[in-house]
Every structure is written in C-alpha cells, then in structure tokens.
C-alpha cells in the first residue's frame, strides 16, 4: 500500500498533468514543479501515528522501558493546534539521572510564549506546531535521542522545521560533544568533512561556504552515527540528517567512544569542557 505522503504526491502530479493537457505546456510544467516541491515539504512533518506507545532497550542487561507520551492541544479561537510526543524513561537504577533525563525530554516539548525564552508564535501565518522527542539508542550507558519540531501553515502543508540530536553519557552524567566522538587531528577532521560533503552532494544540496565553522549535532540511531546539519548550514528552510554506518567511520571515532559502542573497555571520556551540558546535582 502507498503511504499517505506518496498518495499526496501522486494526486499533485495527477492534477498537474491534467493542467498540462488543458493549457500551455510551459505553464503546466512550471506548476508541476511547484506542486512537486510542495508535496516534498509536506511529508517533512512528524508522522505521530508511527510513534509507538512503548519501546524497550537493553542497557547492560537491564531492561529500560520508554513510554512516548502524546499530547494534543487545540485553540479554536486562534485556529491553532499543538501536538507533542515526549519520551519517558523508566527502569533505571540511577533514579536521579532518570528524573533529570525525563525532565529534559519533556521540557524539550514545552511550548512557551513571547515573554519567556521559548517560541514566539505567528498565529496569522502558522496554525500547526509539533514537537517530538524519541530515544534512538541505549546501550553500554550511551543514550541517544532527538527532538523534531516544526511550525507549519497547517497539518498537511509546508513547515519550517528543526531537529536536535544528542548523545548522553550515563556514566559521566553529561552530554557528549563532537570532540568526544570524532578525532580532532587534522587528518581525521579532513576525512570527516569530506564524508559529510559527499553525502550532501548526493542529495544535490549545497553547503554554505563556511559550513565547517558551524556547530554540527551528533546522535545515534540503529547502529548509525547521525550527523545533523541545521538549515543555516544549508541556507534552507530545513536541515538534513546524515547517517553513517559505524564501521564506515570507525577510524575517525575517538577510541573511548568507539569502544563503548562495541561494549568493550573505557569507563569515562575526557573531563567535560566549557560548553557541555552538565547534570545538576
């Protein structure tokens, strides 16, 4: 069966082809291109129906449960819908860390107001907002998760969207940065940047000239290292998720991080540096 997004694209193309037959070819083809890119933007949104209610991970032989809590809020006066789903962990022996992570995950889906440090909504232009956090990896005390959020015209149309990928070290009780994950020597950095450029070029996207100076976000999902480049790096309305097999980039990984992925020795990373998120005691 075709997915909803595929059916949408099919309908757009069908309407556009009809338009070509009934009017001038040039104008019809132009409309076809416009419709296609609108359809492509539509399925950038989170499909909440595909977020499972419950998930399980095994961390050092302990079974960790993740409940994805869905919340929908509707304001008829503003004609606006908020939809969120946040991951909630249970089963950890370290309840302090578990509470911290649950607060963090639920806090990431909080909708604020113009007076605070959260979003300022443009209700005249956007009537649908979504945020979702998902746990993507939990093994050998490395926790991977991400936030996916968007401001949309409505539930089926164009969105301005963003993602936030993180890796949390349950032993060191801190979020890892790129320097904890990717070797910082000149040769490794050059190889890492080249690997990114190749994947971006395959998707026929363009990086801004000084893209290497921008902050990249790294995560873990399905035995892949995820590199997220935000929209500023691409000069676009949305960012891009690049996935690398671990064996594809293993030679570029910091030894401790690589060993942890393989459940072998290495208890702690280097001491946290300025800029790391630290767990509050």
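All of the numbers you see were taken from the coordinates with simple rules; none came from a lab. Quick caveat: nothing in here was measured; it's all calculated off a predicted structure. FYI the Cβ positions are ideal-geometry reconstructions off the backbone, even for glycines, and counts take in every protein chain you see.
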Could you state the orientation-averaged shadow area of the convex hull built on the Cα atoms of segment 122-246, in nm² to one decimal? 9.1
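D for segment 178-261, whole µm²/s, Stokes-Einstein with Kirkwood Rh over alpha-carbon pairs at 20 °C and 1.002 mPa s: what number?
It comes out at roughly 162 µm²/s.
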How much length, in nm to one decimal, is gained on full extension between residue 215 and residue 171, taken as 0.36 nm per residue of separation minus their Cα-Cα distance? 13.4 nm
Normalise the Cα radius of gyration of segment 48-173 by 2.2 N^0.38 Å (N = residues in it) and let me know the number. 1.16
How long is the gain from residue 191 to residue 70 if the chain were fully straight, where each residue apart is worth 0.36 nm and the alpha carbon distance is subtracted? 39.5 nm
Mean Cβ neighbour count within 10 Å, used as a protection proxy, ranking 172-185, 47-60, 73-86 highest first: 172-185, 73-86, 47-60
